[in-house]
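Let me begin by presenting the structure, written as structure tokens, before commenting on it.
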Amino acid sequence: MKLENHDHKQGDLTDVASRTIINEILNGKRELNLGHIRRLSDKYGVSPELFIN
């Protein structure tokens, strides 16, 4: 998923994690953790399973 395809920027996700962590996740240097998944699920009103590989 590309953020640009959904009119989102990294700064839109600072309620999920810091900009540094978001950047590392998007660049494949870090995985989403349970907290990130919960916050993303709540933010977008979707099932947490969508964020699990």
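No value in this document is a laboratory result; all are computed from the given coordinates. Given the structure is predicted, the values throughout are model-derived calculations rather than measurements.
Listing for the model above:
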item	result
Size of the chain as Cα extents on the principal axes (Å, biggest first)	23, 23, 19
Within the chain, helix-based [θ] at 222 nm, where runs of 4 or more DSSP H residues each add -39,500 (n - 2.57), nearest 500	-10500 deg cm²/dmol
